[in-house]
Amino acid sequence: MKLKKINQVLQEALIDSGLIEANELQKETFSTIKSGADAIISSSKGSGKSTTIVMNVIQQLICEGEESPRALIFVEDKAKVLEMEALFEKFGKFTNLRVFGVHEKGDMEYDKNYVSAGIDVLIGTPVKLSDMFTTAGYNVNRLKMFIIDDTDSILKLRNETKIMRISNSITKTQRIIFTDKITERIEILADKMLLEPFVFDFDEEYDEDEEDFEEEESVFHDVDDFEESDEEIGDEEE
């Protein structure tokens, strides 16, 4: 795994899952995200944004463990909540990170009580997270990462106000926007939320129809693919 200073426990989990080499999205953004800087990361669907989120959250929080959430991740819908929970289970299996996902179809009282008992990563839709934070008043003073995935899709549902309300309640944290493309609405949201963000735009580097990136989990090359195609892997080191 050619990522500078990647946590050994995370690296072992990735390799154990058959994922051995990062693509350009992971390579180019890893150091910036690890530094704690704000960022806007734009890349086409299927290029691995969700996996990038999960591996970087594990990298940042792997030794943490307190009652209040350490990472807050906004996703578009229930399906994306379940997908990201599965990725955390897969890549965080050698850690003790407590990950929990919420969505509109879940039971509000159960979800609030579960979060209050102590978790490290909270994943949810803007509507559900807004309702929970409004009624439960969670402690966000120790939050390290505030991440929005599929931001362009979320903004089409007009959830800016819900996201901003939670963001404004947090004094200091790393904020990262992941999107398929950078639009005017993305730029407006970034101006309100982010502090001198780094901008990564991979639109020209990925072909949306390319078979290697059909699924979110294919952003690392499988062990079998590693032997079959040296060109897909690349020998470049950071």
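The values are calculated or read from the model by the stated rules, or taken from the named source; none is laboratory data. Given the structure is predicted, the values throughout are model-derived calculations rather than measurements. Cβ: placed from backbone, ideal geometry, glycine included. Neighbour counts: every protein chain shown.
Answer yes if at least one residue in the stretch 169-185 is under 19 Å from Gln60 (Cα atoms), basic (Lys, Arg) and out of contact with any helix residue (DSSP H, G or I) (no Cβ under 7 Å at 6 or more places or on another chain), and no otherwise. Scanning the stretch 169-185 turns up at least one residue that is under 19 Å from Gln60 (Cα atoms), basic (Lys, Arg) and out of contact with any helix residue (DSSP H, G or I) (no Cβ under 7 Å at 6 or more places or on another chain).
Within the stretch 168-207, track down each residue that is in contact with a strand residue (DSSP E or B) (Cβ under 9 Å, 6 or more places away or on another chain), in a loop (DSSP other than H, G, I, E, B) and among the aromatic types (Phe, Trp, Tyr). Hit for the stretch 168-207 is Phe202, nothing else.
Scan the stretch 138-167 for residues that are buried (at least 16 other Cβ atoms within 10 Å of the Cβ) and in a loop (DSSP other than H, G, I, E, B) and jot them down. Residues satisfying the conditions are Tyr138, Val140, Leu143, Lys144, Asp149, Asp150, Asn159.
Could you please let me know if Ile123 is of a type in the set (A, V, I, L, M, F, W, C), at pLDDT 95 or above, surrounded by 13 or more Cβ atoms within 10 Å (Cβ to Cβ) and under 30 Å from Ser17 (Cα atoms)?
Yes; evaluated as a whole, the condition is true for this residue.
In the set (1) closer than 20 Å to Ile147 by Cβ; (2) free of Cβ contacts under 8 Å to residues at least 24 places away in the same chain; (3) among the acidic types (Asp, Glu), Asp107 fails one condition alone, (1).
Considering each of Ala71, Ala79, Ala117 in turn, give the residue that is of a type in the set (A, V, I, L, M, F, W, C) and over 21 Å from Lys144 (Cα atoms).
It is Ala79.
Looking only at residues in the stretch 31-65 that are of a type in the set (Lys, Arg) and touching a Phe, Trp or Tyr at 6+ places or on another chain (Cβ under 9 Å), the one that is modelled with the highest pLDDT is Lys49.
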